[in-house]
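Trainee: This is the structure I have questions about; it appears just below.
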Amino acid sequence: MRRDYHHIKLDFRMIALTEEQLEKLKSEVSSVRKLKIGQNYKNPKLFVASFRIQKGKQYDDLCMFLKKTKISKDSYGLWISILTTKTSAGVRIPKHVLKLYEKTGGLIDFSFDSG
């Protein structure tokens with residue numbers, strides 16, 4: 001018997017950080033925990049950093065970091081990942097995620113995988 005599943009991950013992702021920006025992110029943005037880091041596939045000298053957006057956090061230090069480092073709005077934003085066995089599915093973005101997006105702007109990207 002096949003079990004249906006439907007998982008949604010709501011992350012904030014920065015896709016073109018320099019090593020210096022990455023170090024500042026780690027040291028100056030205390031609201032971010034469990035930072036996932038990888039290399040940018042287009043430019044291995046740059047980094048991709050993402051973290052799960054948590055309810056109840058304000059992320060004011062993240063907003064200050066984005067402004068202070070002048071990271072382009074086309075280099076960060078929401079990363080919404082949907083993993084499902086369903087052939088048709090939808091996503092409602094929770095209020096706490098929308099509040100962060102209203103503060104930061106940037107991109108909204110989706111990843112959809114059905115298995």
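Trainee: Mind telling me which of the residues Lys68, Lys57 ends up being under 21 Å from Ser27 (Cβ atoms) and outside any helix (DSSP H, G or I)?
Mentor: On inspection, the qualifying residue turns out to be Lys57.
Trainee: Filter region 80-115 for residues that are polar (S, T, N, Q) and under 16 Å from the mean Cα position of the chain (by Cα) and give the result.
Mentor: Ser81, Thr104, Ser111
Trainee: Tell me yes or no: at least one residue of region 75-93 is of a type in the set (Phe, Trp, Tyr) and part of a loop (DSSP other than H, G, I, E, B).
Mentor: For region 75-93, residues of a type in the set (Phe, Trp, Tyr) and part of a loop (DSSP other than H, G, I, E, B): absent.
Trainee: Of all residues in region 37-54, count the ones that are among the β-branched types (Val, Ile, Thr) and either in a strand (DSSP E or B) or more than 16 Å from Gly77 (Cβ to Cβ) (or both).
Mentor: The total comes to 2.
Trainee: Separate question: Across region 67-107, what is the number of residues that are under 16 Å from Ile8 (Cβ atoms) and either touching a Lys or Arg at 6+ places or on another chain (Cβ under 9 Å) or charged (D, E, K, R) (or both)?
Mentor: Qualifying residue count, region 67-107: 14.
Trainee: Does any residue of region 23-45 turn out to be among the aromatic types (Phe, Trp, Tyr) and either closer than 13 Å to Gly106 by Cβ or touching a strand residue (DSSP E or B) at 6+ places or on another chain (Cβ under 6 Å) (or both)?
Mentor: No, every residue in region 23-45 fails to be among the aromatic types (Phe, Trp, Tyr) and either closer than 13 Å to Gly106 by Cβ or touching a strand residue (DSSP E or B) at 6+ places or on another chain (Cβ under 6 Å) (or both).
Trainee: Which pairs turn up if I take residues in region 18-36 that are in a helix (DSSP H, G or I) and look for partners that are of a type in the set (D, E, K, R) with beta carbon separation below 7 Å, at least 6 apart in sequence or on another chain?
Mentor: Glu28/Asp61
Trainee: Being without any contact (Cβ under 8 Å) to a residue 60 or more places away in the chain, surrounded by fewer than 19 Cβ atoms within 10 Å (Cβ to Cβ) and touching a Ser or Thr at 6+ places or on another chain (Cβ under 7 Å) is true for just one of Asp74, Asp61. Which residue is that?
Mentor: The match here is Asp61.
Trainee: Take the residues in region 23-42 that are surrounded by 14 or more Cβ atoms within 10 Å (Cβ to Cβ) and under 19 Å from Lys67 (Cα atoms), then tell me which one is modelled with the lowest pLDDT.
Mentor: Only one residue tops the list, namely Val32.
The values are calculated or read from the model by the stated rules, or taken from the named source; none is laboratory data. Worth saying up front: this structure is predicted, and the values here are computed from it rather than measured. Please note: Cβ atoms are built from the backbone with ideal geometry, for glycine as well, and neighbour counts cover all protein chains shown.
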